[in-house]
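One structure is given below, encoded as structure tokens.
The values are calculated or read from the model by the stated rules, or taken from the named source; none is laboratory data. Not measured: the values here are computed from a predicted model. Note: ideal-geometry Cβ built from the backbone for every residue, glycine included; neighbour counts use all protein chains shown. To get the accessible areas, we keep the full protein, side chains included, count just its heavy atoms, and leave off ligands, DNA and RNA. Shrake-Rupley method; radii C 1.70, N 1.55, O 1.52, S 1.80 Å.
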Amino acid sequence: QRLKAAVHYTVGCLCREVEEDKEVQFSKQSIAAISEITFRQCEIFAKDLEMFARHAKRTTVTTEDVKLLARRSSSLLKYITQKSEELASSNMEQKEKKKKKSSAAKGERAPGEQEAAVTENKDSNMA
């Protein structure tokens, strides 16, 4: 019920934005109908995503499942793919930063820094 109420509230807010932008009005009944259709479609999407994951013998829904769901709308599929790639690259950058921070905190050196340190030690030993 809370989820349904949240969908109804969000649809109402979106309808108000459209009203201001396009100078049209939505009746309470039309907002309720749009909310109900939206909620039912989300239920269908959730079931489809669950089935896609289950078919792939997984228990977790992935971005690939979401892309499969959006395949009929080329613009939506393009948007989801773009956002998915942005998130993946952002996650990779964060992992790299964490690796560097943890190795720096442990006093470890990156491979290039290790070679420089070995060369520096050899030079000081020769002198």
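Annotation: of all residues in region 1-56 being of a type in the set (A, V, I, L, M) and open to solvent by 100 Å² or more (accessible area, probe 1.4 Å), the one that is nearest to residue 68 (Cα to Cα) is 37. Taking each residue of region 33-55 that is of a type in the set (Gly, Ala, Ser) and looking for partners that are not in a helix (DSSP H, G or I) with beta-carbon atoms closer than 9 Å, six or more apart or interchain, yields 46/61; 53/59; 53/60; 53/61; 53/62. Inclusion of residue 80 among residues that are free of Cβ contacts under 8 Å to residues at least 60 places away in the same chain, part of a helix (DSSP H, G or I) and in the same structural domain as residue 9 (by the TED database) is not warranted.
Which of the residues spanning region 57-85 are acidic (Asp, Glu) and either modelled with pLDDT under 95 or open to solvent by 80 Å² or more (accessible area, probe 1.4 Å) (or both)?
At the first step, the residues of region 57-85 found to be acidic (Asp, Glu) are 64-65, 85.
Across region 57-85, the qualifying residues are 64, 85.
Based on what the data block shows, is residue 52 assigned by the TED database to the domain that holds residue 14 and within 27 Å of residue 13 (Cβ to Cβ)? Quick ask: steps written out before the conclusion?
Working: assigned by the TED database to the domain that holds residue 14: yes; within 27 Å of residue 13 (Cβ to Cβ): no.
Answer is no for this residue.
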